[in-house]
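The values are calculated or read from the model by the stated rules, or taken from the named source; none is laboratory data. Source: prediction; values computed, not measured. Cβ coordinates were reconstructed from backbone atoms using ideal geometry, including for glycine residues, and neighbour counts include every protein chain displayed.
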Amino acid sequence: MPTGLCLPFLTDAHLRLHQEAQDFAASRLAGPARRMEARGPHTDRDVREILSGTGWLGLLIDTADGGLGLDHTAKTLVLQAVSRVSPAAGAILQASILGAAPIAEYGSVELRRRLLPEIAAGRCWPSIAVTDPEHGSHVLGMQATARPSRGQYILDGEKVLVGNAALADVHCVIVRTDQPGHRDRDEPGRGGSLTAFLVEQDAPGVTVVPAPVNGLHGFSVDTLRLTRVRVPAANMIGEPGDGHAIAQMASVVYGRLNLAAVALGIHQQMLDETARRVTTRRRLGGHLADLPTVRHHIALMQHHLMTAELAAYHAARLLDAGTDCDPWLHNAKLTAHRAGAASSELAKQLYGGHAARLGEPIEQLRRDIDLIHAPAGTDDLQLLRLAESVLGPHRPQWSTQHAARRALRAA
């Protein structure tokens, strides 16, 4: 379970859920995790089937919409437990929790009633597609467009690094609906108007272009190509101009903490594997773990993990309490990745050349933790946002808006 530092954040219900997630991951995901890794880069559909029956896609979906109605602390626990056994399965699960967020937060009554129960039941898997090929984290610079046409919109453009692109049934796609220079609802004077649309995977003109990466085997982050895709106006998520807010809310409120949780699971497994190695690897009548330098490295890895867990669960607790906590969410993702990367380097020292040997668990884990860096903003972007929280310009607190919407629905 998470370290004792996290216990003040957890209720008995949280602890039961965590045990359930641990047991499920050990019994249902350990075998598929090995097969996913052996196959190399691909889109794994077997794990989708395994996870579909858990109800975990609906962890944060309101009970009125068919979900479990739990909190971000519960989500963090589940993602950490799953990712400890299978980082790829954790990444697959978090990407669909992220994809459901725009519908749950901004969707019309009709969209919510039609899709959220299907998502919560694992029958419909969503993704979110924001990033243009040439603009990265500069969301307001995107060039993908939607133009109105007789009660529909016609979407054109490409989105890259789309988690679960080849696995999803529906995509929340953020595109430009006005020319650059028009004002966005949440960023006055900062760029053109962006709007979100729900796009069915089987709609004519939707193409998934494989774009494999070197880790998290089984999890796809492919390219979504839209060529004159016709979308009903009723598939607009939110209002015209809400696209930037939807993208930012998903990234800050959901994405950063989701990825921190996946990083915690990878980090824990990295520590487990390294501790197992140094306590069983013989050296001069003893074991590697007998050496003070080795023990120091293990201590540092534990220190990094405990620090990252504290940052993540503190941020989750603040978010669940409805507190202004965007900087803590930035910090959670930043700390989880940097702590995991630091432990990865320490593990490399203890494994020597074996750290690069294909088939070694540590080689896989080192690749997997590296892929936590870019999604939902690189470390440098998190640092920029933390600087802004102190020095300005001060941005909207997406965590506060998220809490207000949840409270309104609960009422």
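Please state which one of Gly265, Gly322, Gly215 is of a type in the set (Gly, Ala, Ser) and assigned to a helix (DSSP H, G or I). Selected residue: Gly265, the only one of Gly265, Gly322, Gly215 that is of a type in the set (Gly, Ala, Ser) and assigned to a helix (DSSP H, G or I). Residue-level analysis places Thr378 among those that are assigned by TED's automatic domain parsing to the domain that holds Gly265 and within 20 Å of the chain's Cα centre (by Cα).
The residues in segment 279-289 that are part of a helix (DSSP H, G or I) and either among the β-branched types (Val, Ile, Thr) or farther than 17 Å from Gly352 by Cβ (or both) can be counted, and the count is 2.
Among the residues of segment 182-203, is there at least one that is modelled with pLDDT of 95 or more, of a type in the set (A, V, I, L, M, F, W, C), closer than 19 Å to Gly255 by Cβ and within 16 Å of the chain's Cα centre (by Cα)? The answer is no; no qualifying residue exists. All of (1) outside any helix (DSSP H, G or I); (2) under 29 Å from Pro212 (Cβ atoms) hold for Ser343 with one exception: (1). When Thr293, Thr279 are checked against the criterion of being hydroxyl-bearing (Ser, Thr, Tyr), touching a strand residue (DSSP E or B) at 6+ places or on another chain (Cβ under 7 Å) and either within 19 Å of Ala74 (Cα to Cα) or surrounded by fewer than 18 Cβ atoms within 10 Å (Cβ to Cβ) (or both), a single residue qualifies: Thr279. Looking for something at pLDDT below 95 and aliphatic (A, V, I, L, M) - is there at least one such residue anywhere in segment 123-139? Within segment 123-139, one or more residues are at pLDDT below 95 and aliphatic (A, V, I, L, M).
Is it true that Gly340 is surrounded by 18 or more Cβ atoms within 10 Å (Cβ to Cβ), at positive phi and not aliphatic (A, V, I, L, M)?
On the way: surrounded by 18 or more Cβ atoms within 10 Å (Cβ to Cβ): yes; at positive phi: no; not aliphatic (A, V, I, L, M): yes.
Taking the combined requirement at face value, the residue does not satisfy it.
Among the residues of segment 361-376, just one is crowded, with 21+ Cβ neighbours inside 10 Å, at pLDDT below 95 and either small (Gly, Ala, Ser) or not in a loop (DSSP other than H, G, I, E, B) (or both), namely Ala376.
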